[in-house]
1. Scan the stretch 26-34 and give yes if some residue there is assigned to a loop (DSSP other than H, G, I, E, B), of a type in the set (A, V, I, L, M, F, W, C) and either in the same structural domain as Glu169 (by TED's automatic domain parsing) or more than 26 Å from Ile196 (Cβ to Cβ) (or both), otherwise no.
2. Taking the stretch 221-260, which residues are away from the ligand (no atom under 11 Å from the Cβ), open to solvent by less than 40 Å² (accessible area, probe 1.4 Å) and not hydrophobic (A, V, I, L, M, F, W, C)?
3. How many residues does the stretch 191-217 hold that are over 15 Å from the mean Cα position of the chain (by Cα) and farther than 22 Å from Ser368 by Cα?
4. Identify, by number, the condition in (1) farther than 30 Å from Leu127 by Cβ; (2) touching a residue at least 24 places away in the same chain (Cβ under 8 Å) that Lys78 doesn't meet.
5. Being within 21 Å of the chain's Cα centre (by Cα) and either open to solvent by 40 Å² or more (accessible area, probe 1.4 Å) or more than 30 Å from Leu162 (Cβ to Cβ) (or both) is the filter here; which residues of the stretch 110-141 pass it?
6. Go through the stretch 142-158 and give me each residue that's assigned to a strand (DSSP E or B) and buried (at least 18 other Cβ atoms within 10 Å of the Cβ).
7. Can you find a residue that is surrounded by fewer than 22 Cβ atoms within 10 Å (Cβ to Cβ), within 16 Å of the ligand (Cβ to nearest atom) and either at pLDDT 95 or above or outside the structural domain of Val153 (by TED's automatic domain parsing) (or both) anywhere in the stretch 299-307?
8. Could you list all residues from the stretch 342-364 that are of a type outside the set (Val, Ile, Thr) and open to solvent by 20 Å² or more (accessible area, probe 1.4 Å)?
Amino acid sequence: MITADQLLVKQINKSIVLNTIRKKGNISRAEIASITGLNKSTVSFLVDELINEGFVKEEGPGESRGGRKPIILNINEKAGCIIGIDLDVNYILIVLTDLMANVIWEKKMDIEIGESQQTIIERLIELIDEAISNAPETVKGILGIGIGVPGIVDYKKGIILLAPNLKWENVPLKQIIEDRFKIKVKIDNEANVGAIGEKWFGEGSKYNNFVYVSAGIGVGTGIIINGELYRGTMGLAGEMGHMTIDIHDHQCRCGNTGCWENYASEKALFEYIENQLINDAKDGYINKENFDSLTTLKVIDYAQRGSLIAKKALKEVGKNLGVGVVNIINTFNPELVIIGNTLSLAKELILDEILKEVETKSLVYRYSKTKITTSKLELQAGAIGAVSLVISELFAYPDI
Ligand SMILES: [Zn+2]
């Protein structure tokens, strides 16, 4: 008779074996045993199960160190597919990936700001349909759908509690998508999703303590402590975009005053440019006539081509991002801060300003140099993060 405890131990060991194969790659059963400290027969038994289930594949014999050549193991990335969705305020980005988050197919669809909830959900369903029709034949099929959303999420129930920039309240998105497709759905806040993506497949993969700053229309953070996402009591942690950096300033949508995101987001970027134009600033790139059609990507492009207004605006937002990063470093003493989402595409233009702020103002940084960088996953960070949401659960509980 197998007890519940024994089943749990087996589950944990299986997850350890699977993740060791994923992290190391090209590894033998004996090497897994020596790295994990599990005995060889346990490793062999669990590896055989994982091979039978399709998650792991044998790659033929490797180099011998005397004696029989060991058989090399790898994750069978083609065992199944995952769908990842970055539902943003003004676009939906969907990716279809294999088990190692390699993108097989992707599509970006712009949505108009203010589009109705029903229309956006219809678009979402169309895109998922399209992703499924582009999925290759695999043993396991589509293993899950991950969705990152710009708002506060009850991640256990998959309910969007509040997405202010979309004007959504209490939307049971997990249930809507699961009822339609009969595929398991995971939903989380986009900054949490971005942080998990960086931890699994991006800049954060070698770090256990880092903070991901999602700098887009708003600002959010995903906090990784001891290798795990810090969620707080209800899963609502990380709303650092709403920390006060100016107690005297005007009210934010959230009810607080002087919130960080009002100075360090795309909204702030456009406000700054608009003020420059009101004061009759001019350059060969940005003017009152083309202001309405400006996007952050265009601003970055103009800055790189020599637009003074664009450069000044990005530097200003970069400096303001730095003010919040000082607080983050003083609070968490992290190994790494990753700047992600659209503003991160300005790279050095904002990074240099952030660093200047941190070097001059952070107490903790004086004694412990935090690495500050932009996201390696760039605009895919949200969608790959959503994929990681599914993969992280799959690799933690391969039996379920
Ligand atoms: Zn606020």
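The values are calculated or read from the model by the stated rules, or taken from the named source; none is laboratory data. On a predicted model such as this, the values are computed, not experimentally measured, just so you know. Positions of Cβ are backbone-derived with ideal geometry, glycine not excepted, and every protein chain shown enters the neighbour counts. Areas reflect the complete protein model, heavy atoms only, side chains present, ligands, DNA and RNA absent. Shrake-Rupley method; radii C 1.70, N 1.55, O 1.52, S 1.80 Å.
1. No, every residue in the stretch 26-34 fails to be assigned to a loop (DSSP other than H, G, I, E, B), of a type in the set (A, V, I, L, M, F, W, C) and either in the same structural domain as Glu169 (by TED's automatic domain parsing) or more than 26 Å from Ile196 (Cβ to Cβ) (or both).
2. Within the stretch 221-260, Thr221, Gly222, Gly227, Gly232, Gly235, Gly238 qualify.
3. 1
4. (1)
5. Within the stretch 110-141, Asp110 is the sole residue that qualifies.
6. Within the stretch 142-158, Ile142, Leu143, Gly144, Ile145, Gly146, Ile147, Gly148, Val149, Ile152, Val153 qualify.
7. Looking through the stretch 299-307, none of the residues is surrounded by fewer than 22 Cβ atoms within 10 Å (Cβ to Cβ), within 16 Å of the ligand (Cβ to nearest atom) and either at pLDDT 95 or above or outside the structural domain of Val153 (by TED's automatic domain parsing) (or both).
8. Leu345, Lys347, Glu348, Leu349, Leu351, Asp352, Glu353, Leu355, Lys356, Glu359, Lys361, Leu363
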